[in-house]
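K.L.:
The structure under discussion is supplied below as structure tokens; questions concerning it will follow.
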Amino acid sequence: MIIRPITTSDISAAVELNNAEIPHVGATDPDHFAELMGHRGVVWGAENVDGLDGLDGLAGLLVALEPGTSYTSTNYQWFDDRSDDFIYVDRIVVAPIAKGQGVGRAFYEGLAAAYVGSARQMTCKVNLEPPNESSMAFHRRMGFVQVGTKLDGSKTVSLMAKELG
């Protein structure tokens with residue numbers, strides 16, 4: 001598997017992959033995704049997942065933002081208002097054909113390795129309502145714990161954090 005920065009030539013595929021997972025992630029369009037790429041942090045894609053036939057393009061994507069950006073997500077702002085020592089996972093999406101192949105784990109392990117020593121916590125949100133039970137189970141397996149909850153429009157979200165070594 002290759003984890004690499006998403007480039008402008010990947011934006012259409014990234015938007016399509018992202019929007020297939022609504023309501024578990026927020027909708028995006030090419031302009032919004034390009035804006036995400038302009039914030040401090042990382043925007044990565046996964047490709048060439050071993051053993052997957054029939055996957056043409058990105059197997060997954062990760063968008064993670066550093067503190068102090070101008071990003072207006074209220075979930076990001078919740079963490080930014082409380083700390084300047086985190087990396088916030090705004091979205092992680094894995095193509096249906098690639099689920100269970102270690103893509104999410106590879107993203108989180110790579111992100112932890114990139115930010116250990118410069119961020120105290122890796123943070124994210126997971127939908128409680130509507131429920132995203134598979135994401136909640138995955139995040140718990142990865143060592144995330146709930147540090148808060150909030151109403152986010154029509155959704156209720158669990159705000160989660162994992163301490164970095």
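Computed from the coordinates by the stated procedures, all read-outs in this text should not be read as laboratory data. Remember, predicted model here, so these are calculated numbers, not experimental data. Cβ placement follows ideal geometry from the backbone for every residue including glycine, while neighbour counts extend to all protein chains displayed.
K.L.:
Could you compute Rg(Cα) / (2.2 N^0.38 Å) for the chain, with N its residue count? Walk me through the numbers on the way to the answer.
P.N.:
Details: Rg = 14.8 Å, N = 165, 2.2 N^0.38 = 15.3 Å.
Relative to the 2.2 N^0.38 Å estimate, the chain comes out at 0.97.
K.L.:
Could you work out the relative contact order of the stretch 1-103, using alpha carbon pairs under 8 angstrom and six or more residues apart, expressed as a whole percent? Write out the running numbers ahead of the final one.
P.N.:
Values: 153 pairs, mean separation 28.9, N = 103.
Worked out over the stretch 1-103, it gives 28 percent.
K.L.:
I would also like to ask the following. How would you rank THR123, THR7, THR149, going from fewest to most other Cβ atoms within 10 Å of each one's own Cβ?
P.N.:
Numbers: THR123 27, THR7 11, THR149 14.
Least to most surrounded, the residues fall as THR7, THR149, THR123.
K.L.:
Moving on to the next point. How far is it, in nm, from the label point at ASP81 to the one at ILE2 when both lie 7 Å from their Cα along the line to the Cβ?
P.N.:
The answer from the label model is 4.2 nm.
K.L.:
Sticking with this structure for a sec: Which value, in nm² and rounded to one decimal, describes the direction-averaged projected area of the C-alpha convex hull of the stretch 25-109?
P.N.:
On the way: hull surface 24.4 nm².
The orientation-averaged projected area of the Cα hull of the stretch 25-109 comes to 6.1 nm².
K.L.:
Can you sort GLU47, GLU35 from fewest to most other Cβ atoms within 10 Å of each residue's own Cβ? Can you show the working numbers first?
P.N.:
Details: GLU47 19, GLU35 13.
Lowest to highest Cβ neighbour count: GLU35, GLU47.
K.L.:
With a sphere of radius 11 Å drawn around the Cβ of THR69, what net charge do the other residues whose Cβ falls strictly inside it have (Lys, Arg +1; Asp, Glu -1)?
P.N.:
Details: positive: ARG40; negative: GLU35, GLU66, ASP80, ASP90.
Once positives and negatives cancel, what remains is -3.
K.L.:
Ok, one more. Which whole-Hz ³J(HN,Hα) couplings does the stretch 142-152 yield from phi under the Karplus relation 6.51 cos²θ - 1.76 cosθ + 1.60, θ = phi - 60°, glycine and proline marked x?
P.N.:
Each residue of the stretch 142-152 in turn: 7, x, 7, 10, 6, 10, x, 9, 7, 7, 10 Hz.
K.L.:
Work out how much length LYS99 to VAL147 would gain on full extension: take 0.36 nm times their residue separation and subtract the Cα-Cα distance, in nm to one decimal.
P.N.:
Values: separation 48, 0.36 × 48 = 17.28 nm, distance 2.64 nm.
Taking LYS99 through VAL147 to full extension adds about 14.6 nm, to one decimal.
K.L.:
Here is a further query. Ranked by Cβ crowding within 10 angstrom, fewest neighbours first, how are TRP44, TRP78 ordered?
P.N.:
Details: TRP44 22, TRP78 19.
The fewest-first ordering by Cβ neighbours comes to TRP78, TRP44.
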